[in-house]
Amino acid sequence: MSAAGTITGQARVLKQFSYLNKIANFPNSAYKLPQVKRLELVFKQHNAYGHMGARKFWLENLKTINFHNPKVEIDVKRILCETKDEQLKCPSVLKVYFEDGKTQQIDCKNKRSGAIMEELVKITEAEKVDDADIPVLTIDSFVEAQQQTKN
Amino acid sequence: MSLIRSAQKCQRLVFSQPQKFLLPLQRSTPFSTTSLVQAPKKGSKKAADAKKQLEKKQQRREARRKINAKKPAHMSPLFMEIPQALRYLRAAETGRPTNEAVLSVETAIFSERGVAPLQGAVRFPRALKETRICVLSLDPVQRQAALDAGASVVGDSKFIEDIANGTVELNFDKIIATTDIEPQLRKVARILGPKGLMPSAKRGTVSDDVAKLIGDTLGTQPFRERNGRVALTVARCDFNDEEVVKNIISTSKAIKESISNTKSKKPIIVGQTVLTTTHGPGIMINF
């Protein structure tokens, strides 16, 4: 029996599942960072002059990193620059604080979020999370779980 | 019988006669007039039907919501245990400032029409923020007692003058006064009133037992039913799991207590409860 049509309000449920799955497993960002103590991301409030990559990195990849590394502190600072000169000067940087006290920086200007993620993985020697450890929510799995509890 | 038959015969006779033999009807009463009555406005039938159907649809939806409310929460596909839900919610709230990233609980309440809306206050095991209470009294013993109970600032009539001059920063959540100082407060009513800080006996902020009053109000959060729901902020995302769960349990207890205090003929049903954050998804929990 297919699971379709067994749940009322299915569209709402599917939307929620896709949202939650995106948090748990954004493409290419489910990594464990055992050596990292703290991450600090600094960028401008406006997108212009190469700051969009950092914003996307925060909204998409950092959520998944937080999901798999709850102990890593994550700070995001957005700077409001009013004049153009300030906007051009403002850095877009990801600072990585390691457990042993070292720090390293990734320049995020004019980079895409995927590129920032790759660089972070390279610097921190991150380990990929097993597929078995990533929860995936689907309607099929929900229906199965319901039937198991009934039995 | 025979009488009826003969009457029928007569009728037949009358109608079979040519019209010129019929006499015109004579009116025994004079004519009367009534005021003008307008015919009812004819809306299109379609619109009326649509309205009826909409009403029916709403009724059906309400009935379905009520049935769903009685189902246990773990039957819902959006249900999660609280620790797992918190893992998702904290991730959704990554990199937000701590005062912005707050967890809140929303509970559906089903009550009959005309029942007073639920209201009450929760005392959280871990408060969201410190409540600043100012105590005004002429009696130094009372002031000392207030400081011991947890008031942040105490003052006497000189303090009231400072308020009137605008030299004091009014960053309090509540001002409590004793009965002896109350008459002096009238001159600052215009300053305190609009901010909702003015002490009054009606609101329960004028009392001679200051220490007890402070103990009651410290760390409590009021809640109120609106549009069939009770929603309130329960915790911050940087609290640990245990603190969040304890706060949720105390909220649940407070809501159930206020239900038992409310008068209603039919029992008030607590529906499904959703745990959510400022920017995150809503996840159903056991409540």
Check your understanding: For B:Ser252, A:Ser141, what's the largest-to-smallest order of accessible area, 1.4 Å probe?
Key -> A:Ser141, B:Ser252
Review point. Relative contact order of the range A:22-129: what whole-number percent is it, with Cα pairs under 8 angstrom and at least 6 residues apart?
Key: 41 percent
Review point. At A:Thr149 and A:Glu125, where each label point lies 7 Å from the Cα along Cα→Cβ, what is the point-to-point distance in nanometres?
Key: 4.4 nm
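What's the magnitude of the charge dipole for the range A:22-129 around its Cα centre, counting Lys and Arg as +1 and Asp and Glu as -1 at the beta-carbon? Answer in Debye, nearest 20.
Result for the range A:22-129 is approximately 260 debye, rounded to the nearest 20.
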Practice item. Treating cross-link reach as a plain straight distance, find the lysines whose alpha-carbon is under 21 Å from the alpha-carbon of B:Lys71, omitting any fewer than eight places away in the same chain. Key: A:Lys150, B:Lys253, B:Lys256, B:Lys266
**Study point:** Average partner coverage of A:18-27, which counts Cβ from other chains inside 10 Å
**Key:** 3
Check your understanding: For the range B:266-275, in order, what is each residue's ³J(HN,Hα) by Karplus, 6.51 cos²θ - 1.76 cosθ + 1.60 with θ = phi - 60°, in whole Hz (x at glycine and Pro)?
Key -> 9, x, 7, 9, 8, x, 6, 10, 10, 9
Review point. How big is the Cα convex hull of the range A:47-105 in projection, averaged over all directions, in nm²?
Key: 4.7 nm²
Check your understanding: Using the per-residue mean of other Cβ atoms lying within 10 Å as a proxy for protection, in what order, highest first, do the peptides B:54-60, A:26-32 fall?
Key -> A:26-32, B:54-60
Practice item. Over the whole of A:130-139, what's the average partner chain Cβ count within 10 Å per residue? Rounded to a whole number, please. Key: 1
Exercise for review: Quick one: work out the % antiparallel among DSSP beta bridges in the range A:22-129, nearest 5.
Suggested key: 65 percent
Check your understanding: Distance in nm between label sites at B:Arg126 and B:Lys263, each 7 Å beyond Cα in the beta-carbon direction?
Key -> 4.1 nm
Check your understanding: Which parts of the range B:42-70 would a label at A:Arg12 reach, counting a residue when its backbone N lies under 12 Å from a point 7 Å out along Cα-to-Cβ?
Key -> B:61-62, B:64-66, B:68-69
Revision key, fill the gap. Under the Karplus relation with 6.51, -1.76 and 1.60 and θ = phi - 60°, whole-Hz ³J(HN,Hα) for the range A:96-111, x at Gly and Pro, equal 10, 9, 8, 4, 8, x, 6, 10, 9, 10, 10, 7, 9, 5, 6, 10
Exercise for review: Just tell me how shielded A:69-79 is by partners: mean number of partner chain Cβ atoms within 10 Å of each residue's Cβ, no decimals.
Suggested key: 2
Check your understanding: Can you put B:Asp162, A:Asp130 in order of accessible area, largest first, using a 1.4 Å probe?
Key -> A:Asp130, B:Asp162
**Study point:** Pairs of Cα atoms farther than 19 Å apart, chain A, %
**Key:** 60 percent
Exercise for review: Starting at the first residue of the range A:139-148, write each ³J(HN,Hα) from the Karplus equation 6.51 cos²θ - 1.76 cosθ + 1.60 with θ = phi - 60°, in whole Hz, x for Gly and Pro.
Suggested key: 5, 4, 5, 5, 5, 4, 4, 4, 5, 5
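The values are calculated or read from the model by the stated rules, or taken from the named source; none is laboratory data. As the structure is a prediction and not an experimental result, all values here were calculated from the model. Positions of Cβ are generated from backbone atoms using ideal geometry, with glycine treated the same way; all protein chains shown enter the neighbour counts. Just the protein is used for accessible areas: all its heavy atoms, side chains included, with ligands, DNA and RNA removed. Shrake-Rupley method; radii C 1.70, N 1.55, O 1.52, S 1.80 Å.
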